[in-house]
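The values are calculated or read from the model by the stated rules, or taken from the named source; none is laboratory data. Please read all numbers here as calculations on a predicted model, not as lab measurements. Because the Cβ atoms are built from the backbone with ideal geometry, glycine has one as well, and the counts that use them run over all protein chains shown.
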Amino acid sequence: MHPLKIIVTVKQVPDTNQVKIDPVTNSLVREGVPSIINPEDRNAIEVALWFKEHVGAETTALCMGPPQAVSALEEALAMGIDKAVLLSDRAFAGSDTLVTAFTLSRAVMKIGTYDLILCGRQAIDGDTAQVGPQLAGFLGLPQITYAEEIQYDGMTLTIRRGLEDSNEWIRVKLPALVTVSAGINRPRHPSLYNIVAACDPERITRLTATDLKVPAAMLGLTASPTKVKKIFEPERHARAEMLEGEPSHMARQLIEKLRALHALDREHNPHEREVSSAFNRL
Amino acid sequence: MATLFLYTARIMDFELTNQHRLARATARDVARTELAPYAQEWDQTMTFPGEALKKLARLGFMGISIPKAYGGCGLDSISYVLIIEELAKVCASTAIIVSVHNSVCAYPIFMLGTEEQKQSYLVPLSRGEKLGAFALTEPNAGSDPASLETVAERHGDHFILNGTKTFITNGSTADIVLVMARTDRTKRSRGITAFIVDKSFGGIIVGSKENKLGIRASDTCELIFKRCTVPAANVLGELGAGLGAALDTLTFGRVGVAAQALGVAECAFEESIRYSTQRKQFGRPIADFQAIQWMLADMATEIEAARSLVYRAAWLKDRGKPFAAEASMAKLYASETAMRCATKAVQIHGGYGCMKDYRVERCFRDAKVIEIYEGTSEIQRLIIARNVTK
Ligand SMILES: Cc1cc2nc3c(=O)[nH]c(=O)nc-3n(C[C@H](O)[C@H](O)[C@H](O)COP(=O)(O)OP(=O)(O)OC[C@H]3O[C@@H](n4cnc5c(N)ncnc54)[C@H](O)[C@@H]3O)c2cc1C
């Protein structure tokens, strides 16, 4: 059997852990904030490398972004990905999720053959979780989202989707698109052994709008139906209330307050009975 | 290509390349997950970070600037110092273990070794299958290594080594030790030869681990050579080529230690910023007081100066230019900067700075040791002075 051909989509995002809020202007300080590979895209890379090492696969990382996003691809190569494609053009700027997915779909077609497309569940700078599903839509592929476990058997995958309160096992025939959640694995570190080769400019194929043969009107901000009107910090309404007195008294007060907020209602809490009896014991 | 050359020749470029940035990000990432959670405990319990080193080895940390052909990563010296700096920010002990292995064991074998020596020793060292050490210091020969007393006597195609080496980093854990021994009693430094000694040769007694002020997770031991038989094929470089040839390759080690010092200084500084902006006295953060601000300003400035010296020494080496004086300047200034920054950091933390639960307490102890090994500050000044007066 030929090695699987896998494409992993990779986005470069600001490390939101390190984004600070300017106390004076209350706006996000992005200056000096390092750019990283979107965390769940690293999980997707790890899945691709699992296939490479256990099944045999040729892996390609695909990234749309400004020229400096090349460093995300270099890191993917240093983790062990075989090839990298950077989609970079002024015409792509301002793309919403739909146009991003459309542009990526054209790049995937340009790359040609593939058996599996892997995406991170969502990006930490947008949290939409839309690009993967939309990309599957443009390519006419079956999509399985929120994968937390993948089993491989010939040309079918059996995947556990981690949903909020349950798990779903789904079987799918390749080719398919899978978005993976953080819980699926622990992504490896890049290897120092791979760095010299990863940073060889020849390793990365660069594609522009012209290469994709897509008119500018179908790209970027112009083509995007979603327009961001304003970005702001939500006002914080949280306030702390200190309870005082004996521990048992404080616990009783706490439960009363949670009850008043309906936080202990049965549909939320299957342990209501235990809570009640504990309360009565106080 | 020609235009690129013109471009680079015209400007002075302080930018790191993508390769440098990726090497640094990788080391930072690895230090955060593999060292940070354990470093304090290793320090307290004098535990050698063996498991973490195995992980580091798999990722290439034991052959950073050794070419791929010999099992290394083929990274340049700037990448090397960035990596050591990042490790040291989190765990100065791991940084010195990696630095000694790379720069004063693997690197001299790469520079001076025969093809056969490289295949037998350098390849497993760079792959991290074997750990390296460097043994020069003796009870009676510290700053003055030319007076060393360990002797190597020739018997046919072997040498027999007798003598005592002291304060050897990786002493008990290393598999391969570069040993400096006297092959000619009639000469001083020209009577000294470097040997590649495999611990399995036998005749080496490992003393107990020293209980140290700082850098406590690295094992520092006495090595006693008692009729240790070493094949003549394991002479590194020329017989009696002198300490000079060996010491030349050790210059790179100084840059590594300078990078380690830089990392410790940065850690002390970052902790001080964090603490002084949070700790309130007299109703405001202590960082509002000018006395504290001046300390922070001095730390930031000295760290930038140290960084320039360290990176520049590595940059000179990468360009094949002489860098001995610059390496000494970097080692001297960065280690003294680390000590000054750590002292200020403890001061800024007040009583908390004296507590083992606070990171700066370890910086303070580690910094002092860095001013001493791989040539004390006095010896660095001596080397620099020799260079500027010759
Ligand atoms: C943690 C640790 C790890 C070490 N690891 C290694 C290792 O892996 N391999 C190895 O070979 N060695 C190692 N050493 C040894 C280290 O390099 C020596 O301790 C150092 O070179 C100083 O030698 P000394 O301790 O004998 O001090 P001395 O040389 O006795 O110096 C004592 C004092 O006199 C000063 N002094 C000496 N000569 C002069 C002079 N001419 N002018 C002015 N001042 C002078 C010194 O600067 C110092 O202040 C290690 C040491 C430590 C603490």
Number of positions in the range B:197-214 that are within 15 Å of the ligand (Cβ to nearest atom) and buried (at least 16 other Cβ atoms within 10 Å of the Cβ): 9
Boolean, B:A217 is under 20 Å from B:D43 (Cβ atoms) and within 16 Å of the ligand (Cβ to nearest atom): yes
Members of the range B:53-66 found to be more than 10 Å from chain A (Cβ to nearest Cβ) and surrounded by fewer than 24 Cβ atoms within 10 Å (Cβ to Cβ), listed by number: B:L53, B:K54, B:A57
So A:P234, is it out of contact with any strand residue (DSSP E or B) (no Cβ under 7 Å at 6 or more places or on another chain) and more than 14 Å from chain B (Cβ to nearest Cβ): yes
Selection within the range A:165-224 - part of a strand (DSSP E or B) and more than 24 Å from A:K5 (Cβ to Cβ): A:N167, A:E168, A:W169
Residue match in the range A:67-78 (condition: touching a helix residue (DSSP H, G or I) at 6+ places or on another chain (Cβ under 6 Å), β-branched (V, I, T) and either within 27 Å of B:H20 (Cα to Cα) or within 14 Å of another protein chain (Cβ to nearest Cβ) (or both)): no
Odd one out for B:D144 among (1) more than 21 Å from B:Q117 (Cβ to Cβ); (2) within 9 Å of the ligand (Cβ to nearest atom); (3) under 19 Å from the mean Cα position of the chain (by Cα): (3)
For B:E116: the one exception among (1) modelled with pLDDT of 95 or more; (2) within 14 Å of another protein chain (Cβ to nearest Cβ); (3) assigned to a helix (DSSP H, G or I): (2)
Qualifying residue in the range B:124-138 (condition: more than 25 Å from B:W42 (Cα to Cα) and either within 14 Å of another protein chain (Cβ to nearest Cβ) or away from the ligand (no atom under 16 Å from the Cβ) (or both)): yes
Enumeration of residues in the range B:347-366 that are assigned to a helix (DSSP H, G or I) and over 24 Å from the mean Cα position of the chain (by Cα): B:Q347, B:I348, B:H349, B:G350, B:G351, B:Y352, B:G353, B:C354
Residues located in the range A:177-215, provided they are of a type in the set (G, A, S) and more than 11 Å from every other protein chain (Cβ to nearest Cβ): A:S181, A:A182, A:G183, A:A209
Boolean, A:V131 is at pLDDT below 95 and not polar (S, T, N, Q): yes
Selected residue [more than 11 Å from the ligand (Cβ to nearest atom), of a type in the set (V, I, T) and either farther than 24 Å from B:D248 by Cβ or touching a Cys at 6+ places or on another chain (Cβ under 7 Å) (or both)] from B:V369, B:V360: B:V360
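Yes/no matrix, rows are residues, columns are (1) part of a loop (DSSP other than H, G, I, E, B); (2) in contact (Cβ under 8 Å) with a residue 24 or more places away in the chain; (3) polar (S, T, N, Q):
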| residue | (1), (2), (3) |
| --- | --- |
| A:Q68 | no, yes, yes |
| A:E74 | no, yes, no |
| A:T100 | no, yes, yes |
| A:A107 | no, yes, no |
| A:I117 | no, yes, no |
| A:G126 | yes, yes, no |
| A:A147 | no, yes, no |
Condition broken by A:E235, with the remaining ones in (1) within 29 Å of the chain's Cα centre (by Cα); (2) modelled with pLDDT of 90 or more; (3) more than 30 Å from A:A61 (Cα to Cα) satisfied: (2)
Extreme residue, farthest from B:A245 (Cα to Cα), among residues of the range B:188-216 that are among the polar types (S, T, N, Q) and part of a strand (DSSP E or B): B:S208
Single condition B:G375 does not satisfy, out of (1) within 16 Å of the ligand (Cβ to nearest atom); (2) on the phi > 0 side of the Ramachandran plot; (3) free of Cβ contacts under 8 Å to residues at least 40 places away in the same chain; (4) of a type outside the set (K, R): (3)
